[in-house]
Amino acid sequence: MCGIVGYLGSKKTKDILLDGLSELEYRGYDSAGIAVLQNNNFSVFKAVGKLVNLQEKAATFDPSGFAIGIGHTRWATHGKPTELNAHPHLGESSYVVHNGIIENYAALKRNLQEDGIKFLSQTDTEVIVHLFEKELKSSGSVFNAFTKTISQLHGAFAILLVTKSESDTIFFAKQGSPMIVGRDTEDEKYFASSDTPLIGKCSEVIYLDDGDYGYVTPSEISIFDKNAHKKAPHFSKLSTNKLSAQKNGFRFFMEKEIYEQSEVIIDTLMGRISDNEINFEELDSNLFEGINEIKLCACGTSYHSALASSYLFERYAKIRVSVEIASEFRYKEPLLCKDTLFVAISQSGETADTLETLKMAKEAGLKTLVLCNVDNSSMVRLADASILTRAGIEKGVASTKAFATQVVVFWMLTLYIAKIKNSLTPNEIEKQISLLREIPSVLQIKDGLHEKITRLSKRYLHGHGFFFIGRDVFYPLALEGALKLKEISYLHAEGYPSGEMKHGPIALADPELFTIALLPQHMLYEKSKSNVEELSARDSTICAISPIEFDKADDYIKISNVRDYMLEFFEMMVIVQLLSMEIAIRLGNDVDMPRNLAKSVTVE
Ligand code: M6R
């Protein structure tokens, strides 16, 4: 995920910016840059890859005395990781850095291009600086031009802008992406998109609210709220612990990533949904021409997201889908036909087994698509097309937010194809899009839920095994719940289709067999309920997850009364993630680095 830093003062501006960026490295990035304005001259450095490349480029640059500067680490969303796409972005005499996505950038860019403005990058960010300079020509003041600029931006953003027109001022705005202003001595100001770059530099900070914007000068911090009312700055003391700041106060990265899901889905959706259609700018419309089948191939959690999506593809896009485990697919001598679109799914884009299957598909002449979280990864470079899931860097070995974003991208892709194939009516597509918009709120962890799961978890630390069971898309979710639990708790867990239990596994049922039953009200409720009753009758200990209270269960976790099974899917996903994590924590395990596992599996 992108990171921002800013500094105004008389200390070593370059060092402060580069140090700040290195504190943001843990978030993941693929290029970086800084712009320093001193004596009305800009010095700008950008580099692709690790920060050391940027440090080398700026090695002989040594500004001393008063300066203002902004810096950025970029995790590519719009456009490849190149120097031209790296921030800061230039207008005529101003630079901008930005986190988030400007949803209406395409329309703004068209208008600016019609006015004769030339764009250098493929990013959404560049529109901000050109828009600002256009407004500057007709506005009475620089701040006025900045205010008019941000009022035209839709989407999520955290922005810093510096301009020769006011060379002792940094302008800022925050909407949906984090931004913090810090100060040490009175005439020194700092900015960062998270606490860590500020620790050890500032004694007090202001956490900006959504809609806040303003400017800082050596003598002033001016903040306005979304209604343009001036706010009194509210300073807080800054934590001194960097690792805990990286974890945002959570105990583990996995926990932070579970909580982040609501926010990252906003990024996943951004710019890709409108009221009545799905738009993947990264896809050529002829990718699906002549395609009669889709083959999804992946490992682990990514395989589970593919399996869940196969139900959506057939149900909504009416296209034949097969799902393959990459390590099996490689050696099964598969029949590959040219009317099949081969889709590899991978958080990292480096998993050896999946990468090899992608090579096989390419060699067989199939069209290929990759769903991936890491731009420029081996799979993204190899495939004909790619869609980035935009989950931001995932540090916990047990994948959580990557899974959520994969399912969301697949759901969108289903509707994209449904439109091409006319398999859903415009009204049905609109309804599905309105459901997609509800995912971020469904993923917010409701008051009391986490405490309840923590309390329940103490009853599930022993036994001879867990069955996670569900039907339809809740079967892959059951597989994913079981994988999460076994990865981090080292307890034996299996995912099973609810209806399949009676064909064998029910023989294991006794009080020491724990069943985690996924019982959505909008998907085969009665059938799933009967399957759970069969287990309850044989005395299995049951934890039911459902919006409808279930009296045959020993434990019950209630989900909300949402209006569609896919929304129930996402709410249950969070619950199985939290339950697995709390069981593992009670067992004393390091859930971020479970034994025997690696984040990226680059060996066969
Ligand atoms: O990077 P990938 O998505 O290709 O990784 C695939 C699996 O190795 C991965 O999902 C693994 O199963 C995770 N540890 C699951 O939490």
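The values are calculated or read from the model by the stated rules, or taken from the named source; none is laboratory data. Treat the numbers as computed from the prediction; the structure is a model and nothing was measured. As a convention, Cβ positions derive from the backbone with ideal geometry for all residues, glycine included, and neighbour counts pool all protein chains shown. Accessible surface areas use protein heavy atoms only, side chains included; no ligands, DNA or RNA. Shrake-Rupley method; radii C 1.70, N 1.55, O 1.52, S 1.80 Å.
Some notes on this structure:
- Residue 48 accessible area, assembled protein chains, probe 1.4 Å, Å²: 60 Å²
- Prolate/oblate/rounded label for the stretch 449-586 (Cα gyration tensor, a/c 1.5): rounded
- Ellipticity at 222 nm from helices only: DSSP H runs of n ≥ 4 in the chain, each -39500 (n - 2.57), divided by the residue count, give -10500 deg cm²/dmol.
- Cα centroid separation, the stretch 84-117 to the stretch 191-255 (Å): 25 Å
- Cα-based helix-to-principal-axis angle, 525-537 vs the chain, degrees rounded to 10: 60 degrees
- With the simple model of a label 7 Å out from the Cα in the direction of the Cβ, residue 230 to residue 62 spans 4.2 nm.
- Rounded accessible area of residue 45 (nearest 10 Å², 1.4 Å probe): 40 Å²
- Percentage relative contact order, the stretch 253-439, counting C-alpha pairs under 8 Å, at least six apart: 30 percent
- Pairs from the list 109/137; 11/242; 148/256; 201/230; 80/295; 118/164 with a Cα-Cα gap above 24 Å: 148/256; 201/230; 80/295.
- Per residue, the chain exposes 38 Å² of accessible surface when a 1.4 Å probe is rolled over the protein heavy atoms with every protein chain present.
- Part-to-part distance (alpha-carbon centres) for the stretch 402-460 and the stretch 154-189, which is given in Å: 34 Å
- For the chain, the Rg and Dmax computed from alpha carbons only, in angstrom: 25.4, 80
- For the chain, the longest principal axis of the Cα atoms and the long axis of helix 401-421 meet at an angle of about 80 degrees.
- With Rh defined as the Kirkwood radius, the inverse of the mean 1/r over Cα pairs, the Rg/Rh of the stretch 3-245 is 0.93.
- The stretch 516-604: trypsin sites (Lys or Arg not before Pro) in DSSP loop, at most 10 other beta carbons within 10 Å: 595
- Residue 431 accessible area, assembled protein chains, probe 1.4 Å, Å²: 90 Å²
- Residue pairs, from the table 332/419; 50/599; 527/558; 46/237; 446/529, whose Cα atoms sit over 27 Å apart: 332/419; 46/237
- The mean sequence distance of close C-alpha pairs (under 8 Å, at least 6 residues apart), as a share of the length of the chain, puts its relative contact order at 10 percent.
- Calculated FRET efficiency for the pair residue 239/residue 447, C-beta based, R₀ 25 Å, to 0.05: 0.55
- Across the stretch 3-245, Cα pairs under 8 Å and at least six residues apart give a relative contact order of 19 percent.
- Computed extension gain for residue 120 through residue 492, at 0.36 nm per residue and net of the alpha carbon distance, reaches 128.5 nm.
- Zone of residue 282's modelled label, taken as backbone nitrogen in the stretch 65-85 under 12 Å from a point 7 Å along Cα→Cβ: 76-81
- Using a Förster distance of 35 Å, the FRET efficiency for residue 596-residue 38 (Cβ separation, nearest 0.05): 0.10
- Computed FRET value (nearest 0.05) for residue 210 with residue 437, which takes r as the C-beta separation and R₀ as 30 Å: 0.95
- Gain on full stretching of the segment that runs from residue 338 to residue 430 - 0.36 nm per residue minus C-alpha separation: 29.9 nm
- The modelled label-to-label distance between residue 549 and residue 455, using points 7 Å beyond Cα along the C-beta direction, is 1.5 nm.
- Distance from the stretch 511-587 to the stretch 363-379 (C-alpha centre basis), Å: 36 Å
- Between 0 and 90°, nearest 10: helix 126-138 axis offset from the chain longest Cα axis: 40 degrees
- A simple spin-label model places pseudo-atoms 7 Å from Cα toward Cβ; at residue 420 and residue 563 they are separated by 2.9 nm.
- Stretching residue 113 away from residue 530 to a fully extended chain increases their span by 143.9 nm, per 0.36 nm per residue minus the current alpha-carbon distance.
- For the stretch 449-586, the fraction of 1.4 Å probe accessible surface lying on carbon and sulfur atoms is 49 percent.
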